[in-house]
Amino acid sequence: MARYDFATPRLFVTEALKPGAEISLPKGQAHYLLNVLRLRQGGSVLLFNGNDGEWLSKIAEPGKRACTLAVASRTRGQTSPCDLHYLFAPLKRARLDYLVQKATEMGASLLQPVMTARTVSERVNVDRMRANVIEAAEQCGILSVPEVRAPVKLVQAIEGWDDGRRLILCDEEAPPGNPLTALARLPPGPLAVMVGPEGGFAPEERETIRAKPYVTIISLGPRLLRADTAAVAALALVQATLGDLNSVNA
């Protein structure tokens, strides 16, 4: 049996999933199944809620604006998500959408927008971020949906930090060096990755972050990366060294 079923539509729901459960979809999801995909009674839909694994369901009662799904059997058990937080300075709309989707695909368990002195976008639509997280999880077979938090100022994020969580700071002014070497020295444990704004951290911000004992500074190479590109590069490096990519063939 294939690891993922990409032929069957997949939806995130908030209700508990178990054999015999009936799920009444909201209008948006019902419209998608019945009017966009044109599914009919008996059509198959995969469901997940971030807690109970993935379940096969069937359309039981289609209507013009409503749809009820009957949960049948579990197709995949729930897996434990990576304990990996991603902190980032918000970007403008389209690029923020991309960043959020890719961070979800790369296994981030929490997304935390951080307002810095040089943040280019002062408005953050948290509901839109959550919608992008769910869409990415639905399309990529992900079972755990990252938590999305409201923006905080950088100083608040640092002052309230849990010292037991290692913070990996991706800094364009970091000394040249192989980031994999620096990451390989870190012990297992909770992780967070931070990428700064497009204009870089202000000198006082960089000084404050670097002074913390839980911070590890890495370079992402000799080229200056856009913030959304840096997100993918940084999370890939961390996952390959300390995360679930490192255990794929273990």
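The values are calculated or read from the model by the stated rules, or taken from the named source; none is laboratory data. Quick caveat, the model's predicted, so the values are computed rather than measured. Every residue, glycine as well, gets a Cβ built from its backbone with ideal geometry; the counts of neighbours run over all protein chains shown. To get the accessible areas, we keep the full protein, side chains included, count just its heavy atoms, and leave off ligands, DNA and RNA. Shrake-Rupley method; radii C 1.70, N 1.55, O 1.52, S 1.80 Å.
Taking region 14-31 only, how many residues are open to solvent by 80 Å² or more (accessible area, probe 1.4 Å) and assigned to a helix (DSSP H, G or I)?
2
Picking from 83, 97, 5, which residue would you name as being in contact with a helix residue (DSSP H, G or I) (Cβ under 8 Å, 6 or more places away or on another chain) and among the acidic types (Asp, Glu)?
Within the list 83, 97, 5, the selection yields 97.
Of everything in region 42-72, what is farther than 26 Å from residue 144 by Cβ, loosely packed, with under 14 Cβ neighbours inside 10 Å and out of contact with any Ser or Thr (no Cβ under 7 Å at 6 or more places or on another chain)? Give them in sequence order.
The answer is 42, 63, 64, 65.
Quick one: residue 192 ticks every box in (1) of a type outside the set (Asp, Glu); (2) farther than 30 Å from residue 79 by Cβ; (3) surrounded by 20 or more Cβ atoms within 10 Å (Cβ to Cβ) bar one, so which box is it?
(2)
Determine whether region 75-92 contains at least one residue that is of a type in the set (D, E, K, R) and under 20 Å from residue 127 (Cβ atoms).
There is at least one residue in region 75-92 that is of a type in the set (D, E, K, R) and under 20 Å from residue 127 (Cβ atoms).
Determine which single condition residue 75 fails, assuming it passes every other condition in (1) among the hydroxyl-bearing types (Ser, Thr, Tyr); (2) open to solvent by 40 Å² or more (accessible area, probe 1.4 Å); (3) under 20 Å from the mean Cα position of the chain (by Cα).
(3)
Checking the structure you have, find out if any residue of region 154-169 is among the charged types (D, E, K, R), under 21 Å from residue 224 (Cα atoms), outside any loop (DSSP other than H, G, I, E, B) and open to solvent by 20 Å² or more (accessible area, probe 1.4 Å).
No, there is no match, as no residue in region 154-169 is among the charged types (D, E, K, R), under 21 Å from residue 224 (Cα atoms), outside any loop (DSSP other than H, G, I, E, B) and open to solvent by 20 Å² or more (accessible area, probe 1.4 Å).
Picking from 182, 192, which residue would you name as being outside any loop (DSSP other than H, G, I, E, B) and in contact with a Lys or Arg (Cβ under 6 Å, 6 or more places away or on another chain)?
Matching residue, one of 182, 192: 192.
Just name the residue that is modelled with the lowest pLDDT out of those in region 88-100 that are open to solvent by less than 50 Å² (accessible area, probe 1.4 Å) and out of contact with any strand residue (DSSP E or B) (no Cβ under 7 Å at 6 or more places or on another chain).
Initially, region 88-100 is screened for residues open to solvent by less than 50 Å² (accessible area, probe 1.4 Å), giving 88-91, 96-97, 99-100.
Narrowing further to those that are out of contact with any strand residue (DSSP E or B) (no Cβ under 7 Å at 6 or more places or on another chain): 91, 96-97.
On the way: 91: 90, 96: 93, 97: 95.
It comes out as 91.
Is it fair to say residue 231 is at pLDDT 95 or above, surrounded by 20 or more Cβ atoms within 10 Å (Cβ to Cβ) and not in a loop (DSSP other than H, G, I, E, B)?
Taking the combined requirement at face value, the residue does not satisfy it.
Kindly indicate the residue of region 4-51 that is touching a Gly at 6+ places or on another chain (Cβ under 9 Å) and charged (D, E, K, R) and also farthest from residue 69 (Cα to Cα) among those meeting that condition.
Filtering first and then ranking leaves 5.
Looking only at region 110-119, decide whether some residue is under 15 Å from residue 148 (Cα atoms), assigned to a loop (DSSP other than H, G, I, E, B) and open to solvent by less than 30 Å² (accessible area, probe 1.4 Å).
Checked region 110-119: no residue is under 15 Å from residue 148 (Cα atoms), assigned to a loop (DSSP other than H, G, I, E, B) and open to solvent by less than 30 Å² (accessible area, probe 1.4 Å).
Hey, residue 209 hits all of (1) closer than 15 Å to residue 86 by Cβ; (2) free of Cβ contacts under 8 Å to residues at least 60 places away in the same chain; (3) open to solvent by less than 10 Å² (accessible area, probe 1.4 Å) but one; which does it fall short on?
(1)
When you go through 11, 34, 39 one by one, which is the residue that is in contact (Cβ under 8 Å) with a residue 24 or more places away in the chain, part of a helix (DSSP H, G or I), farther than 30 Å from residue 171 by Cβ and open to solvent by less than 80 Å² (accessible area, probe 1.4 Å)?
Result of the check over 11, 34, 39: 34.
Mind checking which residues of region 41-84 are within 14 Å of residue 20 (Cα to Cα) and among the polar types (S, T, N, Q)?
Of everything in region 41-84, those that are within 14 Å of residue 20 (Cα to Cα) and among the polar types (S, T, N, Q) turn out to be 57, 68, 73.
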